[in-house]
Amino acid sequence: MVRARGYGKGRVAAFVFTLAVGVSLVAGCSASVTIGGTPSVPRQTVATQVATTLAHQLNQPVPKVVCPTDLRGKVGTVIYCSLTPQGSTTTYPVKVQVDSVSGTNVHFSIVVSKTPGHFTS
């Protein structure tokens, strides 16, 4: 278990609480990579974008985010990643949905689930 200096269980609880309350938070990210004709964002790039965007917007340490697949650059495409706050074992689903595609630039929104374990909006 990795803990940032000065972040005890109270900070983890605060982060989890912020995630639960801030579920209506929809963050926007964009990335671009093209493989063939349809743009596709590698799953690690999506995970990094989700983690850093949420940490910045919630003013919290960067959480661990894992995405199961690459994100296909087609409007409406959805993947569900998992988010685990630093110092916690609780995992929250994160819905990542492609909002727009412009050339090789793929813009996607991020919504964190209200409850751990399964996605609820």
Q. Given the residues Val65, Val106, Val98, which is the only one that is more than 20 Å from Gly37 (Cβ to Cβ) and crowded, with 18+ Cβ neighbours inside 10 Å?
A. Val65
Q: For the stretch 64-75, enumerate the residues that are closer than 18 Å to Thr90 by Cβ and modelled with pLDDT under 95.
A: none
Q) Which of the residues that make up the stretch 59-69 are assigned to a loop (DSSP other than H, G, I, E, B) and closer than 13 Å to Thr48 by Cβ? A) Val62, Pro63, Cys67
Q) Inside the stretch 24-47, can you point out the residues that are surrounded by fewer than 18 Cβ atoms within 10 Å (Cβ to Cβ), out of contact with any Asp or Glu (no Cβ under 8 Å at 6 or more places or on another chain) and either in a loop (DSSP other than H, G, I, E, B) or at pLDDT 95 or above (or both)? A) Leu25, Val33, Gly36, Gly37, Gln44
Q: Please indicate, with yes or no, whether at least one residue in the stretch 75-83 is loosely packed, with under 15 Cβ neighbours inside 10 Å, within 14 Å of the chain's Cα centre (by Cα) and outside any strand (DSSP E or B).
A: no
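The values are calculated or read from the model by the stated rules, or taken from the named source; none is laboratory data. Since the model is a prediction, treat every value here as computed from it, not as a measurement. So basically every Cβ, Gly included, is an ideal-geometry build from the backbone, and we count neighbours across all protein chains shown.
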